[in-house]
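Student: Please see the structure below; I have some questions.
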Amino acid sequence: MLSARLADAIAGLRCWPGPRGWGRAALELAWAIPLLLLVAHLGGLIRLGGSPDPITSLQLAATLFFVPALGEELLFRALIIPRKARRQWWLALSVALFVLWHPLQAFTFGPPWAGALLDPWFLAATAILGIALGRIYLATSSLWPCIAAHWLIVLGWKLFFGGPF
């Protein structure tokens with residue numbers, strides 16, 4: 001079972017979506033991003049502010065590509081949702097574990113942004129993001145649109161909307 005999941009994860013990384021796959025990802029994000037912005041606004045999770053200096057921004061972008069984007073997509077999409085699955089319960093399991101992972105990080109690693117990870121509004125936004133990314137993965141069988149979306153959303157939040165560092 002584990003070897004099948006690992007093979008699926010590798011296949012998800014090897015699969016580059018065509019224009020249709022990227023289009024499907026864009027359609028999912030067309031509903032998810034406005035909803036994320038609404039939830040984040042209502043929860044006080046976003047505020048406009050200046051971004052850090054270019055060097056810090058580049059370091060942040062590089063870090064966020066690997067953690068959370070690549071790492072969490074491998075774990076919560078590729079290892080949980082079978083690439084050829086069409087059953088929605090895989091998506092539900094993925095979203096539930098993705099949401100539960102964030103408070104667990106706050107309690108185990110205790111980063112400076114732990115307060116955000118425990119905020120119910122943040123967890124609602126995490127669920128929305130998890131649903132969109134899971135649907136993208138099910139539609140494309142590729143991790144790359146999920147990684148790109150996850151990375152750009154978190155990077156945008158931290159650079160332009162006051163997300164914690």
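The values are calculated or read from the model by the stated rules, or taken from the named source; none is laboratory data. Bear in mind the structure is a predicted one, so any value in this text is a computation, not a measurement. Here Cβ is always computed from backbone atoms with ideal geometry, including for glycine, and neighbour counts include all displayed protein chains.
Student: Residue pairs, Cβ under 6 Å, 6 or more apart or interchain, first in the stretch 23-45 and surrounded by fewer than 17 Cβ atoms within 10 Å (Cβ to Cβ), second of a type in the set (A, V, I, L, M, F, W, C). List them.
Tutor: Here the result reads LEU35/ILE128; GLY43/TRP121, each pair linking the stretch 23-45 to a residue that is of a type in the set (A, V, I, L, M, F, W, C).
Student: Let me ask another. Filter the stretch 144-153 for residues that are crowded, with 20+ Cβ neighbours inside 10 Å and under 9 Å from the mean Cα position of the chain (by Cα) and give the result.
Tutor: CYS146, ILE147, ALA149, HIS150, ILE153
Student: Go through the stretch 107-122 and give me each residue that's buried (at least 18 other Cβ atoms within 10 Å of the Cβ) and aliphatic (A, V, I, L, M).
Tutor: Of everything in the stretch 107-122, those that are buried (at least 18 other Cβ atoms within 10 Å of the Cβ) and aliphatic (A, V, I, L, M) turn out to be ALA116, LEU117.
Student: For the stretch 78-104, give me the residue count where each residue is closer than 19 Å to PHE122 by Cα and surrounded by fewer than 18 Cβ atoms within 10 Å (Cβ to Cβ). Walk me through it before giving the result.
Tutor: Start the filter on the stretch 78-104 by keeping residues that are closer than 19 Å to PHE122 by Cα, which leaves 92-104.
Add one more test, that the residue is surrounded by fewer than 18 Cβ atoms within 10 Å (Cβ to Cβ), and what stays is 92-93, 96-97, 100-101, 103-104.
Number of matching residues: 8.
Student: Related question: Give the residues of the stretch 105-137 that are more than 20 Å from GLY43 (Cα to Cα) and at pLDDT 95 or above, sorted by residue number.
Tutor: Answer for the stretch 105-137, where residues must be more than 20 Å from GLY43 (Cα to Cα) and at pLDDT 95 or above: LEU133, GLY134, ARG135, ILE136, TYR137.
Student: Determine which single condition GLY110 fails, assuming it passes every other condition in (1) in a loop (DSSP other than H, G, I, E, B); (2) in contact with a Pro (Cβ under 6 Å, 6 or more places away or on another chain); (3) among the small types (Gly, Ala, Ser).
Tutor: Among (1) in a loop (DSSP other than H, G, I, E, B); (2) in contact with a Pro (Cβ under 6 Å, 6 or more places away or on another chain); (3) among the small types (Gly, Ala, Ser), the lone unmet condition for GLY110 is (2).
Student: Could you please let me know if LEU60 is among the aliphatic types (A, V, I, L, M), farther than 13 Å from PHE165 by Cα, touching a residue at least 60 places away in the same chain (Cβ under 8 Å) and surrounded by 14 or more Cβ atoms within 10 Å (Cβ to Cβ)?
Tutor: no
Student: Scan the stretch 113-134 and tell me whether some residue there is hydroxyl-bearing (Ser, Thr, Tyr), under 18 Å from HIS150 (Cα atoms) and in a helix (DSSP H, G or I).
Tutor: Here is the first cut: in the stretch 113-134, the ones hydroxyl-bearing (Ser, Thr, Tyr) are 126.
Keeping just the survivors that are under 18 Å from HIS150 (Cα atoms) gives 126.
Filter again for in a helix (DSSP H, G or I), leaving 126.
Yes, some residue in the stretch 113-134 is hydroxyl-bearing (Ser, Thr, Tyr), under 18 Å from HIS150 (Cα atoms) and in a helix (DSSP H, G or I).
Student: In addition: Can you go through ALA78, ALA114 and tell me which one is over 29 Å from LEU13 (Cα atoms) and within 18 Å of the chain's Cα centre (by Cα)? Please lay out each step first, then the result.
Tutor: On the way: ALA78 fails: over 29 Å from LEU13 (Cα atoms).
Answer to the selection: ALA114.
Student: Can you run down the residue pairs with Cβ atoms below 8 Å, 6 or more apart or on separate chains, where the first is in the stretch 1-15 and surrounded by 14 or more Cβ atoms within 10 Å (Cβ to Cβ) and the partner is at pLDDT below 95 and of a type in the set (D, E, K, R)?
Tutor: Short answer, once both residue conditions are applied: ASP8/ARG83; ALA11/ARG83; GLY12/ARG83; CYS15/ARG83.
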